Amino acid sequence: AEQAHTLVVPNEVKWGPAPKVLPAGAQAAVLFGDPMKKGLFALRLKVPAGYAIPPHTHPGDEVVTIISGTINFGMGKTADRSATKPLPAGSFFALPPGTAHFVYFNEETVLQITTNGPWGIKYINPADDPQKSQ
């Protein structure tokens, strides 16, 4: 069977709760594919000002484009905010699997992850995992 094409314009993005593996407060929209299954997907995250994701890794490549706002991006197993780089809208980063990094946001920000699933997060400090602290 021929695969259908996908077109999404900004006002048609359907936001809902972000995956529970992320800290509370983020919204997510799957634009293409299924992040929990094997294969290509595109996922947008919308996070509020003050949001942060503690140091973590991913099992696959992390390929991110900042759509709006600014992400404060840091590398390593410790969330040293003085060692972050601000990446404004239009910025891009790609990390190989297993690369420890962390992010925080001073303003509402939308970012897009486009990579191959299944997607997941492993927190450096297991106590940072929102699923384990519930």
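Which residue out of VAL47, VAL64 is in contact (Cβ under 8 Å) with a residue 60 or more places away in the chain and open to solvent by less than 30 Å² (accessible area, probe 1.4 Å)? Working first, answer last.
Details: VAL64 fails: in contact (Cβ under 8 Å) with a residue 60 or more places away in the chain.
Answer to the selection: VAL47.
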>> Can you say whether ALA89 is closer than 21 Å to ASP128 by Cβ and free of Cβ contacts under 8 Å to residues at least 60 places away in the same chain, as far as the supplied structure shows?
In response: no
> In segment 105-123, which residue that is part of a loop (DSSP other than H, G, I, E, B) and crowded, with 19+ Cβ neighbours inside 10 Å is modelled with the lowest pLDDT?
Replying inline: TRP119
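Take PRO59 and tell me if it is within 24 Å of ALA89 (Cβ to Cβ), open to solvent by 30 Å² or more (accessible area, probe 1.4 Å) and not charged (D, E, K, R). Talk me through it step by step, then tell me what you get.
Details: within 24 Å of ALA89 (Cβ to Cβ): no; open to solvent by 30 Å² or more (accessible area, probe 1.4 Å): yes; not charged (D, E, K, R): yes.
Considered against the rule, which asks whether it is within 24 Å of ALA89 (Cβ to Cβ), open to solvent by 30 Å² or more (accessible area, probe 1.4 Å) and not charged (D, E, K, R), PRO59 comes out as no.
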>> Can you say whether THR57 is closer than 24 Å to ASP129 by Cα, over 13 Å from the mean Cα position of the chain (by Cα) and of a type in the set (S, T, N, Q), as far as the supplied structure shows?
In response: no
> Any residue at all in segment 29-44 that is at pLDDT 95 or above, open to solvent by 60 Å² or more (accessible area, probe 1.4 Å) and either under 19 Å from ASP128 (Cα atoms) or among the aromatic types (Phe, Trp, Tyr) (or both)?
Replying inline: no
> Considering segment 76-104 alone, what residues qualify as being hydrophobic (A, V, I, L, M, F, W, C) and in a strand (DSSP E or B)?
Replying inline: LEU87, PHE92, PHE93, ALA94, LEU95, PHE102, VAL103
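Return yes or no: is PHE73 assigned to a strand (DSSP E or B) and open to solvent by 20 Å² or more (accessible area, probe 1.4 Å)?
On the way: assigned to a strand (DSSP E or B): yes; open to solvent by 20 Å² or more (accessible area, probe 1.4 Å): yes.
For PHE73, the condition - assigned to a strand (DSSP E or B) and open to solvent by 20 Å² or more (accessible area, probe 1.4 Å) - is met.
Go through segment 1-49 residue by residue and tally those that are touching a strand residue (DSSP E or B) at 6+ places or on another chain (Cβ under 8 Å) and assigned to a loop (DSSP other than H, G, I, E, B).
Filtering segment 1-49 for residues touching a strand residue (DSSP E or B) at 6+ places or on another chain (Cβ under 8 Å) gives 6, 8, 13-19, 22-23, 25-47.
Subsequent filtering for residues that are assigned to a loop (DSSP other than H, G, I, E, B) retains 6, 8, 13-15, 18-19, 22-23, 25-26, 33-38.
Going through segment 1-49 one residue at a time, the tally reaches 17.
The values are calculated or read from the model by the stated rules, or taken from the named source; none is laboratory data. The structure presented is a predicted model; accordingly, all values stated were derived computationally and were not measured. Glycine also receives a Cβ, built like all others from the backbone with ideal geometry; neighbour counts cover every protein chain displayed. Areas reflect the complete protein model, heavy atoms only, side chains present, ligands, DNA and RNA absent. Shrake-Rupley method; radii C 1.70, N 1.55, O 1.52, S 1.80 Å.
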